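Structure first, commentary second.
The values are calculated or read from the model by the stated rules, or taken from the named source; none is laboratory data. The structure presented is a predicted model; accordingly, all values stated were derived computationally and were not measured. As a convention, Cβ positions derive from the backbone with ideal geometry for all residues, glycine included, and neighbour counts pool all protein chains shown. Remember, those area values only see protein heavy atoms, side chains included, never the ligands or the DNA or RNA. Shrake-Rupley method; radii C 1.70, N 1.55, O 1.52, S 1.80 Å.
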Amino acid sequence: QDPFSSLSPRMTVEQVVAEGLRVHAPELNPLEQQIRVLAALQEVGMDEAQFPGLLARYPHEFSGGQRQRLAIARALVVQPRILVLDEPTSALDVSIQKQVLDLLQRLQRERGLSYLLITHDIEVIQAMAHHVLVLKDGQVVESGPIDEITRQPQSDYTRTLLAASSQGSALHPR
């Protein structure tokens, strides 16, 4: 949710990204861990050529979008099949949001990843989701394919959410 507070300021980029490997792949030696870390960073568009001394740097040395990429690399390094994304673009400005969403879509295609996306942003939902659950007070009020939910909502609550979001910006059907 917040790339500024989700990464430990006391850990280097290498330590942050490798953290999950210590638990999920303890059989890897330090060189193998570093190779996985570098591959994950490369996959999210961060490498030594662009960021000299990348592995030894600290999260505060990066922008919000770059920190979000570090957080994504930290998740990818353990080679998951599903990622939980809780408001992945909420702390980012609009142009960086698009870059992060494009990255997530590319990773989904290339890795066959599934996402459990938690957000209030209808445009993010439309860009990323295939199937939607609308929750109110912890209860599912509606579920179905994204196009069906946005074009023909059955729940008054869903209609209210869609109306509120369309006042802030135009909805763009996929």
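Is one or more of the residues making up the stretch 36-44 within 19 Å of the chain's Cα centre (by Cα), farther than 19 Å from residue 96 by Cβ and open to solvent by 70 Å² or more (accessible area, probe 1.4 Å)?
yes
Across the stretch 110-151, what is the number of residues that are open to solvent by less than 20 Å² (accessible area, probe 1.4 Å) and not in a helix (DSSP H, G or I)?
Looking only at the stretch 110-151, we keep the residues that are open to solvent by less than 20 Å² (accessible area, probe 1.4 Å), and these are 113, 124, 126, 128-129, 132, 134, 142, 144, 146, 149.
Going one step further and asking which of them are not in a helix (DSSP H, G or I), we end up with 113, 129, 132, 134, 142, 144.
Residues flagged as open to solvent by less than 20 Å² (accessible area, probe 1.4 Å) and not in a helix (DSSP H, G or I) within the stretch 110-151 amount to 6.
State all residues of the stretch 45-69 that are aromatic (Phe, Trp, Tyr) and open to solvent by 30 Å² or more (accessible area, probe 1.4 Å); if no residue qualifies, say none.
The one that is aromatic (Phe, Trp, Tyr) and open to solvent by 30 Å² or more (accessible area, probe 1.4 Å): 58.
With 118, 82 as the choices, which residue is under 29 Å from residue 44 (Cβ atoms) and either touching a Lys or Arg at 6+ places or on another chain (Cβ under 7 Å) or at pLDDT 95 or above (or both)?
Details: 118 fails: either touching a Lys or Arg at 6+ places or on another chain (Cβ under 7 Å) or at pLDDT 95 or above (or both).
So the residue among 118, 82 that is under 29 Å from residue 44 (Cβ atoms) and either touching a Lys or Arg at 6+ places or on another chain (Cβ under 7 Å) or at pLDDT 95 or above (or both) is 82.
Tally the residues that are free of Cβ contacts under 8 Å to residues at least 60 places away in the same chain and open to solvent by 30 Å² or more (accessible area, probe 1.4 Å), restricting the search to the stretch 82-109.
Initially, the stretch 82-109 is screened for residues free of Cβ contacts under 8 Å to residues at least 60 places away in the same chain, giving 82-85, 89, 93-106, 108-109.
Checking the rest, the ones that are also open to solvent by 30 Å² or more (accessible area, probe 1.4 Å) come to 82, 84, 93-99, 102, 105-106, 108-109.
Qualifying residue count for the region: 14.
Give the residues of the stretch 117-152 that are at negative phi and free of Cβ contacts under 8 Å to residues at least 12 places away in the same chain, sorted by residue number.
Within the stretch 117-152, 133, 135, 139, 140, 148, 152 meet the criteria.
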